[in-house]
Amino acid sequence: MSIRRILNTPRRGIGDRAVGAVEALSSRDRISFGAALRRAETAPGMPARAAASIADFVSLLDELREMSVVAPPEEILEAVLRRTGYLDELEESTDPQDEGRVENLMELVSVAREYTERVELTAAVAEENGETADPPSLAGFLEQVSLVADADEIPSDDPDHGGVVTLMTLHTAKGLEFPVVFLTGLEDGVFPHLRSLGDTHELEEERRLAYVGITRARQRLYFSRAVTRSSWGAASYNPASRFLDEVPEEMVRWERTESAYTTWSGSNRGGVGARGEARDSRADPRKPSSFVGNTPKAAEIASRLGIDSSRLATASELKNDMPSLEVGDRVNHQRWGMGRVKAIEGNGVRAQAQIDFGDQVMWIVLRHAPLEKL
């Protein structure tokens with residue numbers, strides 16, 4: 001079944017007639033479909049052009065199999081995506097869903113690369129201790145993926161299965177309920193997704209997904225976001241998700257501890273929960289965090305984290321590094337390109353700008369943004 005799915009994807013000129021001829025050969029000679037592909041030119045009714053395409057396909061499979069014995073999994077994945085033409089087809093497609101598929105494939109390659117780095121580190125440590133360890137391999141990566149998939153199976157309601165954490169997408173969660181639910185990545189550009197920010201219809205779809213996630217919780221619901229995240233090999237700084245604004249404030253209870261203070265900045269779209277900045281659960285939610293720049297609180301936390309506090313910027317230094325923007329100004333962002341400022345919120349290190357980049361409108365924290373005023 002798997003080989004039939006990829007046989008003519010992307011299109012290689014191997015149509016239903018050719019596939020039927022291979023199936024007939026497989027049935028007649030009682031061999032597998034894959035074995036019949038290697039003898040496709042002998043199949044009755046096989047078009048000559050399709051037989052040549054099948055021969056090229058089989059040759060490509062053989063080359064990739066040979067590569068899988070010696071190359072790390074990320075190189076094999078990249079070779080499969082490029083040499084089969086599948087990635088090129090997705091990148092040239094105008095279907096919005098194909099853009100998401102490209103992102104998923106790139107993430108798969110990243111996961112494979114992380115596996116290789118982890119195994120190589122383990123092997124280096126083992127070598128220092130006079131031990132041996134298996135090198136990274138495609139088989140090892142697939143085994144790890146299989147174990148992760150098994151761990152993601154949804155547990156039953158049996159009390160004996162208590163304490164199990166299930167990681168799933170919002171689409172997978174439809175129709176299910178759990179005592180405690182964690183919704184992560186509540187940032188504009190992540191959730192809602194970057195592609196939906198400039199499209200009202202897509203944004204409504206994202207909002208419905210958020211509703212699905214929120215209503216999966218029977219007892220407790222936690223929101224979280226990242227101030228800084230690594231995306232496609234570069235740091236990105238996204239403002240808090242606009243969906244957080246839509247959670248009634250009276251239904252939110254802050255549970256952030258003092259040791260978790262950060263340099264989050266923002267106006268009314270804040271941290272864990274629905275509004276405001278990241279705060280101590282005992283702090284006045286109307287007051288900003290004291291961990292901004294090079295302050296005594298910042299120095300104390302930096303010390304606990306092993307960071308040289310002398311390298312922390314002061315609030316005034318941070319403010320001086322930010323571009324001074326007004327509504328209507330034209331700007332250039334290193335990642336998103338040219339844009340025009342539509343709105344400004346907050347002051348100093350907590351200043352944000354709403355910028356229209358043409359195909360999308362985004363809120364950007366000025367303190368962190370690689371932004372140039374034109």
What residue, of A36, A50, is in contact with a Ser or Thr (Cβ under 6 Å, 6 or more places away or on another chain), of a type in the set (G, A, S) and in a helix (DSSP H, G or I)? A36
I need the full set of residues from region 173-210 which are more than 25 Å from S236 (Cα to Cα) and in a strand (DSSP E or B), in order please. F178, P179, V180, V181
Within region 340-347, is even one residue surrounded by fewer than 16 Cβ atoms within 10 Å (Cβ to Cβ), touching a strand residue (DSSP E or B) at 6+ places or on another chain (Cβ under 9 Å), at pLDDT 75 or above and not charged (D, E, K, R)? yes
Residue satisfying condition, being farther than 21 Å from S236 by Cβ, at pLDDT 75 or above and either surrounded by fewer than 17 Cβ atoms within 10 Å (Cβ to Cβ) or not hydroxyl-bearing (S, T, Y) (or both), within set D356, D329: D329
Can you pull out every residue in region 85-141 that is within 20 Å of V69 (Cα to Cα) and in contact with a Lys or Arg (Cβ under 9 Å, 6 or more places away or on another chain)? P136
Look through region 235-272, keep the residues that are at pLDDT below 65 and not in a loop (DSSP other than H, G, I, E, B), and return whichever of them is nearest to L209 (Cα to Cα). A260
List every residue pair whose Cβ atoms sit under 6 Å apart, with the two residues 6 or more apart in sequence or on different chains, where the first one lies in region 326-339 and is under 11 Å from F357 (Cα atoms) and part of a loop (DSSP other than H, G, I, E, B) and the second, anywhere, is modelled with pLDDT under 85 and not charged (D, E, K, R). W336/F357
Complete set of residues in region 176-214 that are free of Cβ contacts under 8 Å to residues at least 60 places away in the same chain and of a type in the set (K, R): R207, R208
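The values are calculated or read from the model by the stated rules, or taken from the named source; none is laboratory data. As the structure is a prediction and not an experimental result, all values here were calculated from the model. All Cβ positions, glycine included, derive from the backbone under ideal geometry; neighbour counts span all protein chains shown.
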